[in-house]
């Protein structure tokens, strides 16, 4: 009922905006300027072998920056950072070379785990070499401290010098209990990023996340590809010495081997770990390994193009997409280029389509529109986090961030997904535009994957800026939901973060165009208002936004 009331008032407000608009304010020409042919050509260019997988601080980045600069200059947009289209982001590239085996002793036997097949490991510490010697392994459940849920997996545990072994996701997913954490929907506590951060806060020497495909949301091959080869980090003053010396994953096969050697019942203990009050268990195992690093400092860039508004031009709406992918991995056999066609040439090319649409409006927006293509998303949302911490435009003048990442390549859908639906008043704009398109809103079909925390809008949300992230629907206009779900699952299993993510003529980008047109209309409506959408009551980002806006008055 509350949503219905809010939606009704918003609809009245939006109608009043258009009622006061000049008679010639039909925006259909602008909407229709977003079309498949040009969009396709830009994707093909960005995802071509010539761009070498668009790794940060690489020749592929230079080609990407040149391409975006030319495109947005042709459209008549201004540089978004003073007289520059770029914002420098200082990075450290650390290429880890762990020992080929993780030697585990104690328990019933001594054995080795194989690098890549059974474990991956790296260090964020900017050192030439990190050694872990005879570190005791401790099973620490989910590795979560969540006071609001009355949960503490580290209670009474001293982990200094030890390595914690923790489960991915959180207890709500594991139990399917809707009253535990956020039920099937992953919270930030379920993300591997949080687990690494918490282990470091606890002073652990190492943290190893247990991989299971269902709770992780992706197969082991994704972990193996993402945690090997060059890794990019923001250059921290302490050289990341506050992080655990070792961060890694073990495969489902390897963890059972470890539990068997420890004489522990994996199924029973992981089930016990889903209950409040779980006590961590020393495994009676130790391991040793060395990680040698090649370190290279570099500078990457966020790309910023501005379409200035009129009377409210100091207020900013941001469209964001990450331009980067994984570049080239010469250690692979066969195809070594991670072209990143769907992820995220589709989103980067969408920025160009959106900019063109705004320039085709019969009436310029009141608020300014910033098109922000960020770097190093694949390395942990680094580019967006850098911008959010070092904003070119004040946070209190930033109205909203609208994010696009890995758009629809399967054709037209009857629905569209709002990731994190219910978090902010931005949802109401999506409801209205989707209704105009004859589509409906579907809740996130994969809330257990924690997608809300896995793309660039999250960097803005953490700073209190209302952020919207829509994803493709799954109700295909011809084939229905089962067909689309099968296609998506196949893409995640066989193409996601792999060299196989390449453009193909089999793609149907008509659905992506529908989604871009929707995002355009959402931004255009907000650009003509003077009100600021906010987070809804009860969301973790509202308090910061309210405090920031109050202090700005």
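Tabulated data
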{"read-out": "All positions within segment 167-186 that are surrounded by fewer than 24 Cβ atoms within 10 Å (Cβ to Cβ) and not in a helix (DSSP H, G or I)", "value": "176, 177, 178, 179, 180, 182, 183, 184, 185"}
{"read-out": "Conditions (1) closer than 16 Å to residue 292 by Cβ; (2) surrounded by 20 or more Cβ atoms within 10 Å (Cβ to Cβ): number failed by residue 143", "value": "(1)"}
{"read-out": "Failed criterion for residue 240 (all others in (1) touching a residue at least 60 places away in the same chain (Cβ under 8 Å); (2) over 17 Å from residue 193 (Cα atoms); (3) touching a strand residue (DSSP E or B) at 6+ places or on another chain (Cβ under 8 Å) hold)", "value": "(2)"}
{"read-out": "Residue check, residue 190 within 16 Å of residue 248 (Cα to Cα), out of contact with any helix residue (DSSP H, G or I) (no Cβ under 6 Å at 6 or more places or on another chain), buried (at least 21 other Cβ atoms within 10 Å of the Cβ) and modelled with pLDDT under 95", "value": "yes"}
{"read-out": "Cβ pairs under 7 Å, 6+ apart, first in segment 515-526 and farther than 21 Å from residue 411 by Cβ, second surrounded by 24 or more Cβ atoms within 10 Å (Cβ to Cβ) and at pLDDT below 95", "value": "none"}
{"read-out": "Lone qualifier among 123, 110 - being crowded, with 18+ Cβ neighbours inside 10 Å and out of contact with any helix residue (DSSP H, G or I) (no Cβ under 8 Å at 6 or more places or on another chain)", "value": "123"}
{"read-out": "Test: residue in segment 425-432 that is assigned to a loop (DSSP other than H, G, I, E, B), in contact (Cβ under 8 Å) with a residue 60 or more places away in the chain and under 24 Å from residue 535 (Cα atoms)", "value": "yes"}
{"read-out": "Subset of segment 463-508 (residues that are outside any loop (DSSP other than H, G, I, E, B), farther than 25 Å from residue 420 by Cβ and in contact with a strand residue (DSSP E or B) (Cβ under 8 Å, 6 or more places away or on another chain))", "value": "483, 508"}
{"read-out": "Residues within segment 81-95 that are over 23 Å from the mean Cα position of the chain (by Cα) and within 22 Å of residue 234 (Cα to Cα), tallied", "value": "3"}
{"read-out": "Exclusive hit being in contact with a helix residue (DSSP H, G or I) (Cβ under 9 Å, 6 or more places away or on another chain) and in a strand (DSSP E or B), set 293, 302", "value": "302"}
{"read-out": "Enumeration of residues in segment 435-462 that are part of a loop (DSSP other than H, G, I, E, B), modelled with pLDDT of 90 or more and surrounded by fewer than 24 Cβ atoms within 10 Å (Cβ to Cβ)", "value": "437, 438, 439"}
{"read-out": "All positions within segment 462-486 that are within 21 Å of the chain's Cα centre (by Cα) and more than 30 Å from residue 541 (Cα to Cα)", "value": "485"}
{"read-out": "Residue check, residue 214 in contact (Cβ under 8 Å) with a residue 60 or more places away in the chain and either closer than 18 Å to residue 281 by Cβ or part of a helix (DSSP H, G or I) (or both)", "value": "yes"}
{"read-out": "Enumeration of residues in segment 151-164 that are surrounded by fewer than 24 Cβ atoms within 10 Å (Cβ to Cβ) and either within 25 Å of the chain's Cα centre (by Cα) or within 17 Å of residue 272 (Cβ to Cβ) (or both)", "value": "151, 152, 154, 155, 156, 157"}
{"read-out": "Among (1) touching a strand residue (DSSP E or B) at 6+ places or on another chain (Cβ under 6 Å); (2) within 30 Å of residue 331 (Cβ to Cβ); (3) buried (at least 17 other Cβ atoms within 10 Å of the Cβ), the one test that residue 118 misses", "value": "(1)"}
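The values are calculated or read from the model by the stated rules, or taken from the named source; none is laboratory data. Treat the numbers as computed from the prediction; the structure is a model and nothing was measured. Cβ coordinates were reconstructed from backbone atoms using ideal geometry, including for glycine residues, and neighbour counts include every protein chain displayed.
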